[in-house]
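Here is the structure we will look at.
The values are calculated or read from the model by the stated rules, or taken from the named source; none is laboratory data. Worth saying up front: this structure is predicted, and the values here are computed from it rather than measured. So basically every Cβ, Gly included, is an ideal-geometry build from the backbone, and we count neighbours across all protein chains shown. Calculation scope for accessible area: heavy atoms of the full protein, side chains included, ligands and nucleic acids excluded. Shrake-Rupley method; radii C 1.70, N 1.55, O 1.52, S 1.80 Å.
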Amino acid sequence: MLVDEKVETPAVTQPAYPDYRLISLIVGCAIFLEQVDGTVLATALPTMARDFGVTAPAMSIAVTSYLLALAILIPVSGAIADRFGVKRVFNASIGVFILGSILCSLTTSLPMMVASRLLQGIGGAMMTPVGRLVILRTVDRRHLVSSMSWTLMPAILGTMAGPPLGGFIVQYLDWRWIFYINLPIGVLGFWLVKRYIPVVHCVKRPSRFDWLGFTLCSLGLGCALFGLELFGENTNVVNALGLIVLGAAALFGYLVHAGRRLDPVIDLTLMRIDSFRLSVISGSLMRITQGAQPFLLPLLFQIGLGFSAVRSGQLILAISLGALFSRGFTTRLLRWLGFRRAMVYNGVLASLGYAVCAFFRADWPFWLMFMLLVCCGAFMSFQFAAYNTVAYESVPTDRMSAANSFYSTLQQLMLSVGVCCGALILKFTMALAHNAEPSRLNFSVAFLIVTLISLSSTRWHLAFVHDVGHELSGHRHRASDH
């Protein structure tokens with residue numbers, strides 16, 4: 001067995017791992033690295049487009065290429081962690097991410113940037129899901145809500161630091177510094193993992209790897225997303241449609257294959273678990289809106305409204321502040337309302353929050369736009385904290401790795417779809433209006449359409465049973481809930 005962990009004997013109780021807060025914060029530091037990179041990059045997209053000689057919407061491929069690598073490789077993250085050791089894979093992923101950052105800083109064209117972002121995505125595909133796997137295997141279930149909140153703290157700080165830092169770099173330095181700053185953060189994360197993350201014992205012996213399933217799944221996701229990206233570029237519609245059809249055929253082939261195999265790379269039988277299935281479906285719809293937001297907002301502020309990169313970064317910072325603010329009441333609000341009611345009500349507020357962005361004008365007071373975006377960040381952060389916790393409520397311990405890979409794959413895939421949708425809507429409205437650059441009206445249409453997508457998740461929130469997650473949140477069942 002090619003693992004660096006010792007197999008736990010039946011007589012041994014669960015090991016005395018370090019305090020769950022410490023583990024959660026260290027895992028969150030790896031997510032911090034990704035969040036800083038992503039949010040800083042979003043602010044710099046218009047400047048990078050000018051340097052590469054392309055239109056601003058065309059830079060969406062720099063975002064989707066990274067997310068594409070995540071979607072392709074996250075399905076095997078659990079299997080790789082089981083086979084080679086959770087701690088070893090977690091640290092290696094940080095190293096690969098740093099290498100990809102160095103290459104991104106050396107690029108001189110959009111194709112070179114796409115290739116470097118793909119390498120970054122290989123590292124990122126392991127960092128977040130394997131880090132979450134560490135938490136799921138070491139933290140007692142009664143502490144999961146609190147642990148997820150602690151994990152999100154460094155991630156939220158990353159999203160807070162990214163926008164103003166990106167604006168400063170674009171305004172006063174070279175955009176390549178965006179990738180230089182990953183180096184010290186990555187080195188620190190590497191040391192923290194090596195020093196404090198415990199050796200996580202394997203739940204069971206790794207099964208034989210599903211190469212056919214991995215090939216079909218990767219081919220399907222890759223072709224479908226790249227086809228959507230090409231379709232939005234309006235370059236060769238026939239090639240784009242061909243890739244989408246090929247991707248759909250490969251995914252259908254995977255469905256047939258997975259139904260015949262006991263241990264497929266993505267275990268679709270997990271969808272039989274109600275809380276997991278409903279979290280996946282409703283969360284996927286919400287993440288389309290969430291994925292479109294970091295792509296659309298910087299372009300809206302800098303191109304649609306004519307703001308500077310610094311002012312754009314300051315406004316986007318508001319979303320992170322709202323997410324940080326929500327950490328203070330997430331646990332208590334879930335205990336008071338319960339998961340079902342909280343997701344139903346907050347899901348509507350989170351969706352409508354981004355609809356407000358469609359009405360932003362350059363003459364609006366800065367403080368008003370800032371506070372509205374604070375609310376957007378708080379609502380969305382609360383919603384995803386609920387999804388990320390309740391999804392695993394009924395998942396057996398020996399299936400946590402498979403569930404984590406499945407959930408993380410859909411999470412990243414929908415973020416990619418969100419970027420593609422935002423870019424596609426933007427380019428379509430530009431074509432109808434015969435605009436060379438997107439106008440404020442083009443952005444307004446894009447925000448309203450992605451908002452309708454996330455609002456459709458309400459139907460699935462209502463499908464949750466009334467007492468879902470009560471054991472996790474501590475909410476007491478009430479007769480009025482029926």
Packing-based ranking, highest mean first, of 379-385, 322-328, 243-249, 115-121 given that Cβ atoms within 10 Å are counted: 379-385, 115-121, 322-328, 243-249
About the Cα centre of region 18-125, what is the dipole size in debye to 20, counting +1 per Lys and Arg Cβ and -1 per Asp and Glu Cβ, all else neutral? 140 debye
Once phi for every residue in region 208-224 is put through the Karplus expression 6.51 cos²θ - 1.76 cosθ + 1.60 (θ = phi - 60°), the whole-Hz ³J(HN,Hα) values, with Gly and Pro written as x, are 5, 5, 8, 5, 5, x, 4, 5, 5, 5, 5, 4, x, 5, x, 5, 5
Global geometry of region 336-429, whether rounded, prolate or oblate, following the gyration tensor of its Cα atoms and the 1.5 cut on a/c: oblate
Once phi for every residue in region 238-248 is put through the Karplus expression 6.51 cos²θ - 1.76 cosθ + 1.60 (θ = phi - 60°), the whole-Hz ³J(HN,Hα) values, with Gly and Pro written as x, are 4, 4, 4, 5, x, 5, 5, 5, 4, x, 5
Kindly write out, for region 428-442 in residue order, the coupling ³J(HN,Hα) from the Karplus curve 6.51 cos²θ - 1.76 cosθ + 1.60 (θ = phi - 60°), rounded to whole Hz, with x marking Gly and Pro. 5, 5, 5, 5, 5, 8, 6, 9, 7, 10, x, 9, 4, 5, 4
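Round to the nearest 0.05 the FRET efficiency obtained for Leu212 and Trp191 when R0 = 51 Å and r is the Cβ-Cβ distance.
In this case the efficiency is close to 0.85.
If a/c stays under 1.5 just call it rounded; otherwise compare a/b with b/c (prolate if a/b is bigger, oblate if not). Do that for region 23-64, with a ≥ b ≥ c from the square roots of the Cα gyration tensor eigenvalues.
In terms of gyration-tensor shape, prolate.
Probe radius 1.4 Å, ligands and nucleic acids ignored: give me the carbon and sulfur share of the accessible area of region 280-329 as a rounded percent.
C and S fraction of accessible area: 66 percent.
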Starting from the Cα gyration tensor of region 237-348, take the square roots of the eigenvalues, sort them a ≥ b ≥ c, and report rounded, prolate or oblate (rounded when a/c is under 1.5, otherwise prolate if a/b is larger than b/c, else oblate). oblate
Amide proton proximity set for His466, modelled H, under 5 Å, gap of 5+: none
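Cβ neighbours within 10 Å, averaged per peptide: list 85-95, 281-291, 394-404 in order, most packed at the top.
Descending mean neighbour count gives 281-291, 85-95, 394-404.
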